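The values are calculated or read from the model by the stated rules, or taken from the named source; none is laboratory data. Here the structure is a predicted model, which means the values were calculated and not measured. Neighbour counts run over all protein chains shown; Cβ positions are idealised from the backbone, glycine included.
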């Protein structure tokens, strides 16, 4: 999958501390959307507003990182979002609308994960095939769970973003 190679190449260039869990998290978001993170809309709104106030400094990031092959889903990074004077309430509404409308696609996630071994062989990701295959076998056996960012990723980049369908937020 050419798109997956390009997506991971861009992210690995910006975030060289990415672990396999971080790669998987990106692919999970691209295939499954943000629905897993919205068990309670009021808590999701509150968590977003709290994070906007407490996130502190972080790396230079674009406002939007497209993460799905169709360009519909993106990570909207909170630091540039707030720095541009954008309204966190609008982002919250976009997140909730996305969670309500994006249908999770586990078969797409399986396809995305299936190409990781070939990417490892080609040098497209900094992991060897046996490590990748063991990781993918594990997440597959656990029915493709939601994972957190790795500690090394969290420490290095202090991620602060929301996954949304860009049509609900950006003109």
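Structure values in brief
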| item | result |
| --- | --- |
| Of the criteria (1) out of contact with any helix residue (DSSP H, G or I) (no Cβ under 6 Å at 6 or more places or on another chain); (2) modelled with pLDDT of 95 or more; (3) at negative phi, which one residue 85 fails | (3) |
| Number of the exception - residue 163 against (1) surrounded by fewer than 19 Cβ atoms within 10 Å (Cβ to Cβ); (2) over 16 Å from residue 17 (Cα atoms); (3) at pLDDT 95 or above | (1) |
| Qualifying positions in region 123-171 - free of Cβ contacts under 8 Å to residues at least 60 places away in the same chain and not in a helix (DSSP H, G or I) | 123, 128, 142, 143, 145, 171 |
| Failed item in (1) without any contact (Cβ under 8 Å) to a residue 40 or more places away in the chain; (2) surrounded by 14 or more Cβ atoms within 10 Å (Cβ to Cβ); (3) under 20 Å from residue 62 (Cβ atoms); (4) out of contact with any strand residue (DSSP E or B) (no Cβ under 9 Å at 6 or more places or on another chain), with residue 87 passing the rest | (2) |
| Only one of 75, 79 that is surrounded by 19 or more Cβ atoms within 10 Å (Cβ to Cβ) and out of contact with any helix residue (DSSP H, G or I) (no Cβ under 8 Å at 6 or more places or on another chain) | 79 |
| Selection within region 33-63 - over 15 Å from residue 90 (Cα atoms), surrounded by 15 or more Cβ atoms within 10 Å (Cβ to Cβ) and under 14 Å from the mean Cα position of the chain (by Cα) | 33, 34, 35, 37, 61 |
| Some residue of region 8-29 being closer than 28 Å to residue 89 by Cβ and touching a strand residue (DSSP E or B) at 6+ places or on another chain (Cβ under 6 Å) | yes |
| Index of the failed condition, residue 22 passing every other in (1) in a helix (DSSP H, G or I); (2) over 24 Å from residue 126 (Cα atoms) | (2) |
| Members of region 34-62 found to be part of a loop (DSSP other than H, G, I, E, B), free of Cβ contacts under 8 Å to residues at least 40 places away in the same chain and under 23 Å from residue 84 (Cα atoms), listed by number | 60, 62 |
| Selection from region 71-88 of residues that are within 14 Å of residue 161 (Cα to Cα) and either under 15 Å from the mean Cα position of the chain (by Cα) or part of a helix (DSSP H, G or I) (or both) | 73, 74, 75, 76, 77, 78, 79, 80, 81, 82, 83, 88 |
| Region 111-122: number of residues that are touching a helix residue (DSSP H, G or I) at 6+ places or on another chain (Cβ under 7 Å) and in a helix (DSSP H, G or I) | 7 |
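Okay, residues lined up against (1) surrounded by 14 or more Cβ atoms within 10 Å (Cβ to Cβ); (2) in contact with a strand residue (DSSP E or B) (Cβ under 7 Å, 6 or more places away or on another chain); (3) within 14 Å of residue 34 (Cβ to Cβ):
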site	(1), (2), (3)
91	yes, yes, yes
94	yes, yes, yes
107	no, no, no
125	yes, no, no
137	no, no, no
168	yes, no, yes
